[in-house]
Amino acid sequence: MTDTDIPHGIPLDRETPFDPPAAVMALHRGAEMRRMTYYPSGHLGWLVTSHRLARKVLADTRFSSRMGGPAQAPVPMAGLEAYADFEGDFPVTPGMFIEMDPPDHTRLRRKLTGVFTVRRMKQLEPRIEQFVEERLDALAAGPNPVDLVREFALPVPSLMICELLGVPYDQRDRFEADTATIFTMDGGAEAKEAAFGRLYAFITELSVAKRAEPADDLLSDLAADTELDDAEVAGMAMLLLIAGHETTAKMIALGTMALLENRDQWDLLRERPELMAGGVEELLRYLTIIHTGIIRQVKTDFEFEGHQIKAGECVTVSVQTANRDEAHFIEPDQLDVTGDAKGHLTFGHGVHQCLGQQLARIEMRIAFSRLIARFPDLRLAVPADEVPLRTDQNFYGVGELPVTW
Amino acid sequence: MRLIADREVCIGAGMCALTAPDVFDQDEREGRVVLLTEVPGPESIEAAEEAVQLCPSGALSVERD
């Protein structure tokens, strides 16, 4: 792959379960930054693959989060064709501050950052431990083999975000399946829109109820905030709900599989539990579940790293290659829980860096620690190559993880 | 060295409080950075510098003597 080859979108097909596609690694080795065409219109934009430039782009607000939405996508998705001729900025769902720039983004994000501080999340540890132990008790008492996604990886973060927001967990069938549909790239435009609509109605219904009868939860706080209108409350709550369970669930399941397939790393964490905090960072780096990258668009012409970028052009940051960049990490293709994964970009970088990252870290640390301690002999119940891999969703992971002990 | 924290730029990601808890904290209301000390002790310098490097919003900087 030379530095002038122009790929059409980011390659998604993988040769191995834990490594980025060879084709995207080849693009990374060829050049730090190159032209790339986008779906569905063939828009000629950019692809950034190195750690150095990924950080630079994400920290620089000239790379805007306002863009053409489905008219410019770095990966193919069902229904994009309908937007091939769309021009300008795609309308933002009120409250969805991940699609906004400062100062709009700042105003909404700051309504939430006080809730997700390192200290506040630490106070949740006993509660997360309780959720984890309950699920592991159920696992121990239930059938063997079992699907770890369904019985453990998904319930733990789902229970926690429900409690934090004030969403009844027994109504999870009203958000879990629809969230998965929204994140499924070839799920069909109509199905995705319907799922979004149902989820939005569910959250709106809940926030109206919370306003009438407030409880001690985040949704009540948002609903009571006179600086936020109803649509903003619904959008923010929906963002927290869908970002708060699907991502961490994917990491817990794929992380478990990676540790089982690198048994020395599993054993190391079993023998030395104090390595777990670093181990979680390493799993985040090594697995980089945001395999479709992070997209931005520039609004003015400027020169960047010797390239002339023009207003309207999209720039996609390939996080998975940045996290495997030899210029930043030592032996990046090895999973090493004793290694230094600091500076990985799995939670992003810049003003949009993941709001819930401190919660996600603690959930993963407790989930992996307790799973390993209680089921030290855990193993895959099927050959590794029979574990269904989901490259068709916005977050990479396993569809299910059959395990036995 | 002296640490500088720009609370207007801060977006409350918490990387500083996670990386160098002896030096950085977050306020209760909006989770924005609070400097516990401008001049960290020798045992905290390495972590403080790492936190400056990791800060996603560029709110932290170091003034060298």
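The values are calculated or read from the model by the stated rules, or taken from the named source; none is laboratory data. Keep in mind the model is a prediction, meaning the values are calculated, not measured. Please note: Cβ atoms are built from the backbone with ideal geometry, for glycine as well, and neighbour counts cover all protein chains shown. Ligands, DNA and RNA are excluded from the accessible area calculation, which covers all protein heavy atoms including side chains. Shrake-Rupley method; radii C 1.70, N 1.55, O 1.52, S 1.80 Å.
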If a residue counts only when it is away from every other protein chain (no Cβ under 14 Å), open to solvent by less than 50 Å² (accessible area, probe 1.4 Å) and touching a Phe, Trp or Tyr at 6+ places or on another chain (Cβ under 6 Å), which helices (runs of 4 or more DSSP H) contained entirely in segment A:98-197 have at least 2 such residues?
A:155-165
Subset of segment A:52-97 (residues that are hydrophobic (A, V, I, L, M, F, W, C), more than 25 Å from A:Lys192 (Cα to Cα) and open to solvent by less than 40 Å² (accessible area, probe 1.4 Å)):
A:Leu53, A:Ala54, A:Val57, A:Leu58, A:Phe63
Out of segment A:312-365, which residues are more than 10 Å from every other protein chain (Cβ to nearest Cβ), basic (Lys, Arg) and under 25 Å from A:Arg127 (Cα atoms)?
A:Arg365
Taking the stated definitions as given, is A:Gln393 at negative phi, at pLDDT below 95 and either surrounded by 19 or more Cβ atoms within 10 Å (Cβ to Cβ) or among the hydrophobic types (A, V, I, L, M, F, W, C) (or both)?
yes
Can you find a residue in segment B:24-38 that is modelled with pLDDT of 95 or more and under 22 Å from A:Asp340 (Cα atoms)?
yes
Would you mind telling me which numbered condition in (1) in contact with an Asp or Glu (Cβ under 7 Å, 6 or more places away or on another chain); (2) assigned to a helix (DSSP H, G or I) B:Gly12 fails?
(2)
Across segment A:356-405, which residue is nearest to A:Arg272 (Cα to Cα) among those that are aromatic (Phe, Trp, Tyr) and out of contact with any Lys or Arg (no Cβ under 9 Å at 6 or more places or on another chain)?
A:Phe368
Among the residues of segment A:38-56, which ones are part of a helix (DSSP H, G or I) and more than 11 Å from A:Gly293 (Cβ to Cβ)?
A:His51, A:Arg52, A:Leu53, A:Arg55, A:Lys56
Across (1) open to solvent by 40 Å² or more (accessible area, probe 1.4 Å); (2) aliphatic (A, V, I, L, M); (3) in a strand (DSSP E or B), B:Leu3 clears everything bar (1)
Hey, could you check segment A:15-55 for residues that are charged (D, E, K, R) and out of contact with any strand residue (DSSP E or B) (no Cβ under 8 Å at 6 or more places or on another chain) and say which is farthest from A:Asp392 (Cα to Cα)?
A:Arg52
What number of residues within segment A:318-346 satisfy the criterion of being surrounded by fewer than 18 Cβ atoms within 10 Å (Cβ to Cβ) and either closer than 28 Å to A:His8 by Cβ or of a type in the set (D, E, K, R) (or both)?
6
Find the strands (runs of 3 or more DSSP E) located wholly in segment B:24-65 whose residues include 1 or more that are within 12 Å of chain A (Cβ to nearest Cβ), and list them.
B:24-26, B:33-35
Regarding segment A:186-196, can at least one residue be identified that is in contact with a Gly (Cβ under 6 Å, 6 or more places away or on another chain), touching a residue at least 12 places away in the same chain (Cβ under 8 Å) and under 30 Å from A:Tyr286 (Cβ atoms)?
no
